[in-house]
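Engineer: Here you go, one structure.
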Amino acid sequence: RCASVRLLTDSEFRRCNCIISTLPTRPALAMSSVSVPPPKCLQKTFVAPRRHMFGPGPSNVPPRILAAGAEPVIGHMHPEMLEIMSDIKSGIQYAFQTENNMTIAVSGTGHTAMECAIFNAVEPGEGVLTAVNGIWGERAAEMAERIGAKVNSIVTTAGGYFTSEEIDQALAKHKPVLFFLTHGESSTGVVHPLDGIGDICHKHNCLFLVDCVASMGGAPLYMDKQGIDILYSGSQKVLNAPPGTAPISFSERACQKVFNRKTKPVSFFLDMTWLANYWGCDGKPARIYHHTAPVSAFYALRESLAILAEQGLENSWQRHREVAEYLHEGVENMGLKLFVKDKNARLPTVTTIVAPPGYDWKEITSYIMKNHNLEISGGLGPSVGQVLRVGLMGGNSSKASVDMVLEALRDALRYCHKSKV
């Protein structure tokens with residue numbers, strides 16, 4: 001039943017408004033259901049500082065490679081992407097000097113490639129021998145231990161390397177299925193001789209695994225000729241690409257071991273059965289989705305390999321050697337000492353300088369960063385507290401870069417505190 005309705009008079013309307021205005025107001029209902037507010041830090045524009053990256057890595061990325069990485073993203077299974085992956089494979093084969101079909105880039109840093117090599121080539125209970133003359137032999141040993149391998153190591157002092165006789169004796173004693181050696185030991189500044197070691201490994205029915213993260217493109221390296229069975233590197237050193245992709249290659253001998261396992265690798269992400277198909281290395285007509293590749297990082301990696309191919313490997317090796325020798329001469333003229341005594345064993349890409357006596361190495365590196373906008377590093381692993389590390393790789397490998405480093409060191413030694421001890 002409808003109630004009667006009449007319009008309010010003007011006086012009644014004003015009276016109602018006065019009453020309403022005196023009533024308490026309720027807070028407005030929240031428009032969002034989230035309890036954590038947007039971070040204020042992300043409401044500020046980020047601008048990366050421009051620095052001279054003259055440490056052991058990563059190195060500066062040149063504009064050409066940055067521009068390649070900024071190209072529009074396409075699908076990771078698009079035909080154009082598969083063509084880029086094929087180009088990358090060819091570039092790695094050139095950089096490694098190998099004809100191995102099983103050549104790819106792992107989606108991850110050099111550590112990822114190290115795990116890919118060990119996880120695929122070694123099964124639980126099998127023997128692994130690591131050569132430890134710096135931190136990377138230690139890391140390889142720990143990775144192998146984590147998957148249940150029986151790990152033994154041969155160890156020498158930081159700054160040293162192993163003779164073929166020492167390696168031969170250790171292989172005969174321990175009988176491993178895999179021998180790990182670092183070609184460019186960035187923690188100590190050593191480039192390890194490789195000639196003949198592959199033959200020794202094969203004599204003992206052992207695969208030869210080599211880390212060339214810090215040496216590829218900067219020191220002579222011949223995967224096939226030197227009998228290397230598994231070789232891996234990283235994108236952020238001589239290649240001058242952003243960190244995040246890691247070239248790796250497997251010989252036919254290594255593939256026989258990898259693809260005839262009794263057990264599955266502990267990592268699905270690094271399982272070469274899947275990765276071989278993803279990269280079109282298994283001869284199958286169709287590629288199956290495995291993971292979403294870092295598309296932009298692959299653009300950058302392809303461009304970096306193209307630059308290396310344009311320059312030529314031998315030219316790159318020569319330039320790195322000459323620039324390193326120029327740095328060594330300058331350092332010694334300052335009265336400082338080089339950590340690696342054997343000139344032939346000095347890594348051309350990363351130079352280790354004995355930490356100046358009486359100085360705090362941390363103060364030196366901090367001073368240089370603050371006053372010269374230039375990164376050099378202290379030691380790593382067994383070289384901590386003993387050395388300063390200068391990395392001049394790829395486009396950073398120039399005499400102009402050396403002059404900047406030497407001037408920064410001179411300045412630091414003038415102004416940093418020196419103890420009287």
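The values are calculated or read from the model by the stated rules, or taken from the named source; none is laboratory data. Here the structure is a predicted model, which means the values were calculated and not measured. Every residue, glycine as well, gets a Cβ built from its backbone with ideal geometry; the counts of neighbours run over all protein chains shown. Keep in mind that these areas ignore ligands, DNA and RNA; they rest on the heavy atoms of the full protein, side chains included. Shrake-Rupley method; radii C 1.70, N 1.55, O 1.52, S 1.80 Å.
Engineer: Express the accessible area of region 329-418 per residue in Å², computed with a 1.4 Å probe while the remaining protein chains stay in the model. The partial results should precede the final answer.
Structural biologist: Values: 4100 Å² over 90 residues.
So region 329-418 comes to 46 Å² accessible per residue, rounded to a whole number.
Engineer: Kirkwood Rh over Cα pairs of the chain into Stokes-Einstein at 20 °C, 1.002 mPa s: D in µm²/s? Let's see the in-between values first.
Structural biologist: Details: Rh = 24.1 Å.
It diffuses with D of about 89 µm²/s by this estimate.
Engineer: What does the charge count near residue 117 come to, summing +1 for each Lys or Arg and -1 for each Asp or Glu among other residues with Cβ under 10 Å from its Cβ?
Structural biologist: So the environment of residue 117 carries a net charge of -3.
Engineer: With both partners inside region 63-310, how many of the DSSP beta bridges are antiparallel, as a percent to the nearest 5?
Structural biologist: 40
Engineer: A further question follows. Measure nothing fancy, just the Cα-based angle from helix 135-146's long axis to the longest principal axis of the chain, in degrees from 0 to 90, nearest 10.
Structural biologist: It works out to around 70 degrees.
Engineer: Apply the Karplus curve 6.51 cos²θ - 1.76 cosθ + 1.60, θ = phi - 60°, to the phi angles in region 55-67 and return the couplings in whole Hz, x for Gly and Pro.
Structural biologist: Taking θ as phi minus 60°, the curve returns x, x, x, x, 9, 4, 9, x, x, 4, 6, 4, 5 Hz for region 55-67.
Engineer: Whole number in Å², please: accessible area per residue of region 63-310, 1.4 Å probe, ligands, DNA and RNA not counted.
Structural biologist: 39
Engineer: Normalise the Cα radius of gyration of region 134-179 by 2.2 N^0.38 Å (N = residues in it) and let me know the number.
Structural biologist: My calculation over the Cα atoms of region 134-179 gives 1.18.
Engineer: Could you give the C-alpha radius of gyration of region 204-313 expressed as a fraction of 2.2 N^0.38 Å, taking N as the number of residues it contains? Intermediate results must be reported in sequence, preceding the final value.
Structural biologist: On the way: Rg = 15.2 Å, N = 110, 2.2 N^0.38 = 13.1 Å.
Here the Cα radius of gyration is 1.16 times the empirical estimate.
Engineer: Then there is this: According to a simple spin-label model (label point 7 Å from Cα along Cα-to-Cβ), what is the distance in nm between residue 205 and residue 264?
Structural biologist: 2.9
Engineer: Next question. Keeping the other protein chains in place, figure out the carbon and sulfur percent of the accessible area of the chain, with a 1.4 Å probe.
Structural biologist: Carbon and sulfur together cover 55 percent of it.
Engineer: Please give me the summed charge of the neighbours of residue 89: other residues whose Cβ is under 12 Å from its Cβ, Lys and Arg +1, Asp and Glu -1.
Structural biologist: Net charge around residue 89: -2.
Engineer: What ranking do 238-248, 377-387 get when scored by the average of other Cβ atoms within 10 Å per residue, highest first?
Structural biologist: Ranking, from highest mean packing down: 238-248, 377-387.
Engineer: Ratio of alpha-carbon Rg to the 2.2 N^0.38 Å globular estimate for region 63-310, to two decimals, please.
Structural biologist: Dividing the Cα Rg of region 63-310 by 2.2 N^0.38 Å gives 0.97.
Engineer: Enumerate the lysines that residue 337 could reach by cross-link, defined here as Cα to Cα under 24 Å, with residues fewer than 8 away along the same chain left out.
Structural biologist: Once the sequence-local lysines are set aside, what remains near residue 337 is 362, 399, 418, 420.
Engineer: Which residue, 294, 79, 193, tops the fluctuation ranking in a GNM of the chain built on C-alpha contacts under 10 Å?
Structural biologist: 79
Engineer: Size of the dipole of region 295-364 about the Cα centre, Lys and Arg at +1 and Asp and Glu at -1 on the beta carbon, nothing else charged, in debye to 20?
Structural biologist: Dipole magnitude for region 295-364 comes out near 180 debye.
Engineer: Return a whole-number percent for the relative contact order of the chain, with Cα pairs under 8 Å and 6 or more residues apart as the contact set.
Structural biologist: 22
Engineer: What's the longest piece of the chain with no exposed chymotrypsin sites (Phe, Trp or Tyr not before Pro), counting a site as exposed if DSSP puts it in a loop and it has at most 16 other beta carbons within 10 Å?
Structural biologist: My reading of the result: 47-221 is the longest stretch.
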